[in-house]
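Here's the structure, in structure tokens; my notes come after.
The values are calculated or read from the model by the stated rules, or taken from the named source; none is laboratory data. Keep in mind the model is a prediction, meaning the values are calculated, not measured. So basically every Cβ, Gly included, is an ideal-geometry build from the backbone, and we count neighbours across all protein chains shown. In case anyone asks, the SASA skips ligands and DNA or RNA and just uses the protein heavy atoms, side chains included. Shrake-Rupley method; radii C 1.70, N 1.55, O 1.52, S 1.80 Å.
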Amino acid sequence: MTTTVDGLLKFTRAEYTLEGDVLTVYLPKNFSMFKKRITAAKKDLLLKFGARKLRIDVIKKEEVKLDLNTIDVEVIDLKNLDVIDRLLYLVANNEFMSIDFETDSMDARTTNVISAGLCFSRNKDTFYIPVDHTEANNTPLEVLMEFLRTIQHNVKFVCHNMAFEKKILDRYSVFPEYIDTMILTYLKGGLREQGLKHVASKRLGVRMKTFEEVVGKGKEKKRFNDIDVSEAAQYCGSDALYTAKLLDLLYDTIDSDLIILDHNAALACINMETRGVLIDPDYYRHLSARYERRLQRIEKVIYLVAGHEFNIRSTKQLQTVLFDEMGVVPLKTKKAYTEKGALSTSKEVIEGLFIENPDNKLLKYLCEYRSVSVYLNSFSLKMVDLADENNILRGSFLYARTSTGRLASSEPNMQNMPGSGIGSLIREGIISPPGYTVVAGDYSQIEYRLLAHLMKDTNLINTIKAGHDIHTATAALMFGSKPEDVTKEQRGAGKTLNFGLVYGRSDKAVAADLRITVKEAKRFKQLYFDNLTSFIPLRDSVWQSTAEKGYSETMLGRRRYLPDMRSNNKYLKASAERQAFNAVIQGSAADLIRETMYKTDLLSREFDSKLVMSVHDELVFYVKDEQVEAFKKRLKEVMEVSCLGTHKFDIPIIVDIGEGRTYLDAK
């Protein structure tokens with residue numbers, strides 16, 4: 001039943017929104033013939049998503065495409081004092097003003113502003129201000145920025161992805177209060193993409209023109225400066241207008257505490273992106289050469305195990321070696337196959353196959369090859385390429401991307417950096433500027449501490465309050481020894497079991513992680529459950545609540561929608577159960593990090609300090625050398641007394657503080 005529904009939605013590329021008890025399915029025009037199939041599956045769809053009513057919208061371009069010429073956008077010149085008076089009147093009578101810049105590049109630090117679009121929230125009065133058009137009555141950029149500085153404390157600036165506009169406005173000392181409709185869309189949930197044009201299509205029922213449709217492509221492509229001003233006004237004005245309309249639609253439907261939390265975290269992310277980190281390019285060049293040689297050695301071992309040479313990077317050749325020649329049995333999951341139905345050889349699939357076949361040497365070395373290759377291409381080689389002429393690396397911290405609330409990052413993906421091994425080598429190349437020290441504050445076992453708080457388990461709470469190491473305590477339980485007799489390897493096994501249970505890993509996966517039999521993994525898990533009797537009741541209550549509501553919630557109320565909790569397909573339901581429990585624990589930890597990022601970024605008002613990175617549960621700063629000791633003390637105070645809204649923890653929150661000339665030294 002549910003498998004058919006899932007397959008139908010995926011095949012037709014349908015999207016959906018869930019508003020209250022109304023499920024709306026958006027069916028692309030070229031799949032409109034499947035409307036009857038969707039209707040016939042109504043009962044299954046309502047059950048899957050926990051809804052009572054079904055709406056089906058066939059997205060016909062002629063129905064949703066908006067005639068941009070009908071939008072009332074006024075082209076204005078801020079050199080005209082009457083225009084200024086009109087705008088000041090609107091500022092005085094509106095709480096919100098959406099703003100959108102058109103520029104000549106996507107690098108907000110250096111880009112040139114071509115124009116700005118404004119829309120005032122109450123009556124949607126929309127204006128277009130040319131700044132650098134070839135044929136227009138342009139407003140000088142400084143005049144525009146002076147006007148924005150004048151009104152910055154009198155109206156809230158609304159953007160869709162405020163990171164871009166804020167970086168530009170920061171350059172001209174314009175510091176308003178922001179509202180980001182991309183954050184509102186993210187918190188509302190239900191959409192696969194957060195871009196303005198996609199969201200406007202799904203939430204507002206309009207198809208906005210793409211940039212390519214306005215400027216053309218290939219040899220016909222024009223600069224935005226050179227297109228007709230009226231057409232430019234329609235394009236930029238529509239961005240401002242529909243941002244304002246999204247604000248109307250979403251703002252009052254989302255918990256205000258979460259809105260504040262995510263906007264504060266976004267401000268910290270934007271500051272981190274602007275500051276960047278200093279890298280040692282020579283170090284990374286030497287590291288790259290070293291790992292190139294290591295890859296070559298692993299290649300030779302793979303050829304030896306396979307019995308012949310082949311192109312490891314070739315999907316087709318790897319499929320032949322793995323499944324035909326070596327007889328590896330494919331995984332019994334959707335991810336085992338590509339969209340075209342071929343057997344997948346992705347990194348994730350290879351790792352899954354190794355869990356299923358822990359004694360297979362080919363899979364073992366393929367996993368190592370893929371890991372080294374990923375870190376070589378994603379970090380050591382890329383770090384140098386991404387840094388500017390001053391060796392400053394400015395990555396992107398994506399605050400509205402993941403389902404749990406965790407930060408994502410790109411260029412490079414710092415969240416993908418392992419804690420040890422290759423990760424340590426990568427950290428060594430991130431260095432402090434002259435006169436500054438790298439200081440890192442890392443929450444100790446934060447997810448497990450939050451689990452203890454939620455479980456209210458007396459044994460675990462007492463262990464934590466006594467200052468005992470959680471992973472050592474679990475290892476002592478596993479191996480029947482005293483905590484003081486636990487070895488480093490046994491503690492590692494305890495840590496693996498702890499997080500395996502938090503993340504809902506299967507018996508087989510835990511067995512593969514620990515290099516033990518499935519029977520032993522089951523025994524360890526049972527020992528764990530027998531000792532921590534509050535775990536299963538908490539887990540079951542999360543599952544029940546999620547099945548009833550259709551979503552799980554963090555301690556602050558961040559939602560993750562999981563309709564498969566009601567699935568009759570045991571694999572889909574099991575996956576949803578893992579995600580539901582993980583969302584509560586990992587999501588609450590993510591909320592704590594978001595709260596702390598903002599608070600610790602404000603320490604720059606007390607110290608010569610800069611928050612430059614957030615990696616998992618760790619915050620990284622540059623601090624003036626002579627202020628390090630005082631800063632470390634204050635940082636520990638702020639991080640350890642942070643709380644999730646009004647929540648007070650039953651257990652101590654511990655932060656480990658490190659310092660050094662490199663990020664590795666501070667780790």
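One table, with the values for the structure above:
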read-out	value
Residues of the range 82-113 satisfying the condition of being closer than 25 Å to ASN154 by Cα and of a type in the set (Val, Ile, Thr)	VAL83, ILE84, VAL91, ILE99, VAL113
Test: residue in the range 333-345 that is touching a residue at least 40 places away in the same chain (Cβ under 8 Å) and surrounded by fewer than 17 Cβ atoms within 10 Å (Cβ to Cβ)	yes
Within the range 320-367, considering residues that are outside any strand (DSSP E or B) and hydroxyl-bearing (Ser, Thr, Tyr), the one nearest to ARG297 (Cα to Cα)	TYR365
Qualifying residue in the range 555-562 (condition: of a type in the set (A, V, I, L, M, F, W, C), out of contact with any Phe, Trp or Tyr (no Cβ under 9 Å at 6 or more places or on another chain) and open to solvent by 10 Å² or more (accessible area, probe 1.4 Å))	yes
Residue satisfying all of: in the range 188-224; among the basic types (Lys, Arg) and in a loop (DSSP other than H, G, I, E, B); least open to solvent (accessible area, probe 1.4 Å) among these	LYS209
Options LEU144, LEU148; residue that is under 18 Å from PHE164 (Cα atoms), out of contact with any Pro (no Cβ under 9 Å at 6 or more places or on another chain) and buried (at least 16 other Cβ atoms within 10 Å of the Cβ)	LEU144
Qualifying residue in the range 267-274 (condition: out of contact with any His (no Cβ under 9 Å at 6 or more places or on another chain), open to solvent by less than 70 Å² (accessible area, probe 1.4 Å), modelled with pLDDT under 95 and hydrophobic (A, V, I, L, M, F, W, C))	no
Selected residue (criterion: nearest to ARG406 (Cα to Cα)) from residues of the range 566-612 that are open to solvent by 30 Å² or more (accessible area, probe 1.4 Å) and of a type in the set (Asp, Glu)	GLU577
Boolean, LYS648 is more than 16 Å from MET414 (Cβ to Cβ), out of contact with any helix residue (DSSP H, G or I) (no Cβ under 8 Å at 6 or more places or on another chain), open to solvent by 60 Å² or more (accessible area, probe 1.4 Å) and at pLDDT below 95	yes
Any chance PHE631 is at pLDDT 95 or above and under 23 Å from the mean Cα position of the chain (by Cα)	no
Scan of the range 269-314 for residues that are among the polar types (S, T, N, Q) and either on the phi > 0 side of the Ramachandran plot or not in a helix (DSSP H, G or I) (or both), ordered by number	ASN311, SER314
Enumeration of residues in the range 630-654 that are of a type in the set (Phe, Trp, Tyr) and assigned to a loop (DSSP other than H, G, I, E, B)	PHE649
Pairs where the first residue, in the range 415-427, is within 18 Å of SER396 (Cα to Cα) and the second is of a type in the set (Gly, Ala, Ser) and outside any helix (DSSP H, G or I), C-beta under 6 Å, 6+ apart	GLN415/SER409
Only one of GLY405, GLY504 that is more than 30 Å from LYS382 (Cα to Cα), assigned to a loop (DSSP other than H, G, I, E, B) and in contact (Cβ under 8 Å) with a residue 60 or more places away in the chain	GLY504
Search result, residues across the range 500-548 that are open to solvent by 40 Å² or more (accessible area, probe 1.4 Å) and aromatic (Phe, Trp, Tyr)	TYR503, TRP543
Hits in the range 41-71 - residues which are surrounded by 13 or more Cβ atoms within 10 Å (Cβ to Cβ), farther than 16 Å from ALA200 by Cα and at pLDDT 65 or above	ALA41, LYS42, ASP44, LEU45, LEU46, LEU47, LYS48, PHE49, ALA51, LEU54, ARG55, ILE56
Number of the exception - ILE129 against (1) under 30 Å from ARG394 (Cα atoms); (2) outside any loop (DSSP other than H, G, I, E, B); (3) of a type in the set (A, V, I, L, M, F, W, C)	(1)
TYR283 closer than 27 Å to ARG559 by Cβ, open to solvent by less than 60 Å² (accessible area, probe 1.4 Å) and among the aromatic types (Phe, Trp, Tyr)	no
Odd one out for THR185 among (1) more than 20 Å from GLU273 (Cα to Cα); (2) open to solvent by 20 Å² or more (accessible area, probe 1.4 Å)	(2)
Qualifying residues in the range 422-448 (those that are in a loop (DSSP other than H, G, I, E, B) and in contact with a Ser or Thr (Cβ under 9 Å, 6 or more places away or on another chain)) - the one surrounded by the fewest Cβ atoms within 10 Å (Cβ to Cβ)	SER432
Residue within the range 655-666 that is part of a loop (DSSP other than H, G, I, E, B) and either out of contact with any strand residue (DSSP E or B) (no Cβ under 7 Å at 6 or more places or on another chain) or of a type in the set (A, V, I, L, M) (or both) present	no
Residue in the range 504-546 that is modelled with the lowest pLDDT, counting only those that are among the acidic types (Asp, Glu) and closer than 19 Å to ILE470 by Cα	ASP513
Some residue of the range 94-108 being surrounded by fewer than 21 Cβ atoms within 10 Å (Cβ to Cβ), polar (S, T, N, Q) and either in contact with a Pro (Cβ under 8 Å, 6 or more places away or on another chain) or in contact (Cβ under 8 Å) with a residue 24 or more places away in the chain (or both)	yes
Qualifying residue in the range 387-397 (condition: touching a Phe, Trp or Tyr at 6+ places or on another chain (Cβ under 9 Å), buried (at least 16 other Cβ atoms within 10 Å of the Cβ) and not aliphatic (A, V, I, L, M))	no
